[in-house]
Every structure is written in structure tokens, then in C-alpha cells.
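The values are calculated or read from the model by the stated rules, or taken from the named source; none is laboratory data. Just so you know, these numbers come straight off a predicted model, no measurement behind them. Note that each Cβ is placed from the backbone with ideal geometry, even for glycine, and that neighbours are counted across all protein chains shown.
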Amino acid sequence: MLAVAIVSAVGVLAAWFPASDLLHQRSQLAAASAELHKLDRQNAALHHQATQLRTPATLGRIAQQQYDLVPPGEQAYQVLPPSGSGSADGTLGSTAAPTRGSSATSSHPGRAASSPGTATGTSGSFLDRIVHTLEFWR
């Protein structure tokens with residue numbers, strides 16, 4: 001009887017260890033399969049995004065929104081707020097929409113037009129004119 005018990009115990013142990021390895025490998029395979037499925041979805045999304053980034057419309061939109069570039073034949077104007085009306089977040093103003101054509105060219109691109117009622121160079125001291133010119137620094 002003791003011999004049968006020892007043989008059966010050895011048989012159970014011999015059968016149990018490969019079965020536990022098999023169950024462990026199945027759980028690892030399921031986890032790897034789930035991760036592969038997730039990575040396949042991410043890869044498909046990135047492939048779609050890369051395809052979209054190659055279109056001229058998307059490139060133009062990104063160039064305009066992130067880098068303030070405008071298409072050829074258009075000009076961007078930045079409208080500055082009046083003196084002393086800077087916002088709390090430190091921004092100076094908003095960028096106006098670009099215009100098409102060459103009829104809207106300015107003699108000094110990037111400079112804000114002088115406000116009505118101020119004569120440029122005719123009144124005030126030299127220091128006042130410099131301060132007035134550099135008001136956008138506030």
C-alpha cells in the first residue's frame with residue numbers, strides 16, 4: 001500500500017507541475033494577445049494621423065495655427081490694443097485674419113498704425129515720441 005501511495009504521489013506531482021506551467025503560459029499568452037491588440041489599434045490610429053499630416057490642407061492649418069504662417073499671396077496683420085489696455089494674462093492682442101491680394105499692403109509691415117488725433121513727429125519731445133513708438137512693450 002505504501003508503494004502505491006508513493007507511486008501515485010510521484011504521478012500526481014509529475015502531472016501537476018506541467019499543468020501549472022501550461023496554465024501560467026496561457027495567462028501570459030492572453031495578456032500578450034491583449035497588449036498586441038491594443039498596440040495594433042494605436043498603430044492604426046498613428047497611421048491614420050500620419051496620412052492626415054501629409055495632406056496640404058492639414059499642413060496649411062498647422063502652419064497657420066502653430067507658426068502664424070500664411071499662404072502665398074496673403075498677409076497677416078496683428079492688431080494691438082490701445083495703450084494701457086493690456087490684458088491680465090500679458091497678451092498684447094489677437095491676430096487678424098490674413099487678407100488676399102496686394103491691395104492691402106502697408107508701407108511698414110509689422111507696425112501698428114498711429115491712432116487718430118496723434119500727429120507723428122509734430123508735437124511732444126523726442127522722448128515722448130520714443131515712448132509712444134515703443135508702447136507695445138507694456
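When you check LEU22 against the structure, is it among the hydrophobic types (A, V, I, L, M, F, W, C) and modelled with pLDDT under 95, yes or no?
Numbers: among the hydrophobic types (A, V, I, L, M, F, W, C): yes; modelled with pLDDT under 95: yes.
Yes, satisfied.
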| request: Please verify whether region 85-99 includes one or more residues that are out of contact with any Leu (no Cβ under 7 Å at 6 or more places or on another chain), loosely packed, with under 10 Cβ neighbours inside 10 Å and at pLDDT 80 or above. | output: no
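In this structure, is GLN75 polar (S, T, N, Q), within 47 Å of the chain's Cα centre (by Cα) and modelled with pLDDT of 90 or more? Before you say what the answer is, go through the steps one by one.
Numbers: polar (S, T, N, Q): yes; within 47 Å of the chain's Cα centre (by Cα): yes; modelled with pLDDT of 90 or more: no.
Here the answer is no, as GLN75 does not meet what is asked.
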| field | Which listed residue, of GLN64, GLN49, is over 30 Å from LEU134 (Cα atoms) and either surrounded by 10 or more Cβ atoms within 10 Å (Cβ to Cβ) or at pLDDT below 90 (or both) | value | GLN49
